[in-house]
Amino acid sequence: METNKRKAADEEPDAVRPAEERQLTSPVREPEAKRQKQTNNDDPQPAQEATTKPTPNVRSAPSSGPGQTGVTTGTAPRKWTEEYFRNLYIKDPSFKYLGLKDPDFAPFLDSKNQLDFNDPSAVMQLTKTLLKIDYGLQIELPPDRLCPPVPNRHNYILWLSSLLSSSTYHPDQTHPSSGSQRRLIGLDIGTGASAIYPLLGCTQHANWSFIATDIDAHSLSYAQRNVQLNNLPDRITLLLHTPDQPLIPFDSPTLTARGIERVDFTMSKKSRPPLTACTGAEVEMVCDGGEVKHIFRMIDESLVLREKVGWYTSMVGKVTSLETVVERLRREKIDNYAVTELVQGNKTKRWAVGWSFGGMRAGDKEGRGVGGVWKKLLPAVVRVEVGTWKGADKVGNVVERVKNTLEGLEMMSWEWNGERMRGVGRARGNVWSRAWRRKREREMREVIQEKKKDGDCDGGDGNGPREEGCKLGFEVVVEVGKDGATKVVLLWREGHDQAIFESLWGYMQGKMKDL
């Protein structure tokens, strides 16, 4: 995490000078014994000159294009797909399996294939092994900096990916399996020596790129090395920051030179020590004022930048901190936010929070992923059921009633997909209400009167009153269950007015109750 505390200059590599914020290109100084094994230059080449990607000895590795077959070991080839990543770490990794696949990991296991989590070297090797076997990534980590737990970071990336996909009308354009995917730019605040979020994000998503910042030059020198090792300098840009600079660096000369005026998301990890053996430096472990103050600082900046960032997000180490952050978001009238619980196996829990000033809402699973006693933290409901009808013969009637109910309304747009049995609509207000119709009639009369005063006796050009922007975007889905029952679900996709969404829900229930 970023902090007011800095390492002394004499502790940093010679190639890195703490100075004004700049793009980092300095290499990591290898230990002397390791440098003697190199046949060419002592240090790696600058990021811009990296041209080859190492071939990992892994069970599955990223291919040159999305969805292609990756490097494999064993008998069955694997696909580098969303399903593969979604299934990673549903269960705790098998240390026995990892020891068989990675000779570097095996010496850290005891006779029962158990790992000593109090041993910093063992924890560090576990991180390296998981990244190598599961992601095809190679990293180098200094002994005095944080060793990130891979499953926890992986879960954050999965949630963020779903958050971005759920908050758009065209989710395929944010997904690596799409042939027409949109390029996304993320900002990792406090990337650390591993640069793990950019590495994981770029491996999972061919259309993602990152700006990654840190205030610790020593950590960034290793981060640069890891970016080079995995042939990602064209997609990951590292920036050395100072504590007094904005967390979100739109004032950076590097971003200005590249014409980057907006990013799609920000990421930031918690600032609390892990429960396992801690190798982190004070500059990584302590954020002035704690994680709440750090996120509050992000909120302060977001209130100025607003839609220059699609989604502001951060990992949270304590649920009480999450509660404090949500209270602050509500005080600032930020209604479009998302919370989730990140669980890895049956061990550590973490949480994540995100907020947006745009109109696109997070999906129900992505935005309301905290249950139990913490339901008070949840944002507004975005998924409701209009009704359920039993009998397979009801499907056609239900579909026709949905279409007839919505097609006649004065909406900005309405599209029905018969194959998927779902429709998407956008409206300027509650166009289904009598109050709306009376309002429109009154506005039309006023426009005609104004035209007559100006001598335009034909009543104007027919354009009517000034059009308003979208107040509600929604999706209607007709689902058929295994028992033959037909269900209609209404999803809130866009807008900030919960009352309008609930009004449409009530309107549809009334129109369909006699089926």
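Every number here is computed from the coordinates shown, using simple stated rules; none is lab data. This one's a predicted model, so the numbers in the text were calculated from it and none came from an experiment. With ideal geometry, Cβ positions are generated from the backbone for all residues, glycine too; neighbour counts draw on all protein chains shown.
Things to note:
- Residue order for 260, 334, fewest other beta carbons within 10 angstrom first, comes to 260, 334.
- Sorted by Cβ density within 10 Å, fewest first, the residues 333, 365: 333, 365
- FRET efficiency for the pair residue 96 and residue 121, taken as 1/(1 + (r/R0)^6) with r the Cβ-Cβ distance and R0 = 25 Å, rounds to 0.85.
- With a cut-off of 19 Å on the backbone N, the residues of the stretch 485-506 near the modelled label site 7 Å out from residue 381 along Cα-Cβ are 487-506.
- Total formal charge among the other residues, if their Cβ is under 14 angstrom from that of residue 339, Lys/Arg +1 and Asp/Glu -1: +4
- Modelled label positions at residue 409 and residue 144, each set 7 Å beyond Cα in the direction of Cβ, lie 6.3 nm from each other.
- Burial ordering of 121, 162, fewest other beta-carbon atoms within 10 Å first: 121, 162
- Nitroxide proxy distance, nm - points 7 Å out along Cα→Cβ at residue 498 and residue 480: 3.5 nm
- Listed peptides 469-478, 395-404 appear in the order 469-478, 395-404 once ranked by packing, highest mean of other Cβ atoms within 10 Å at the front.
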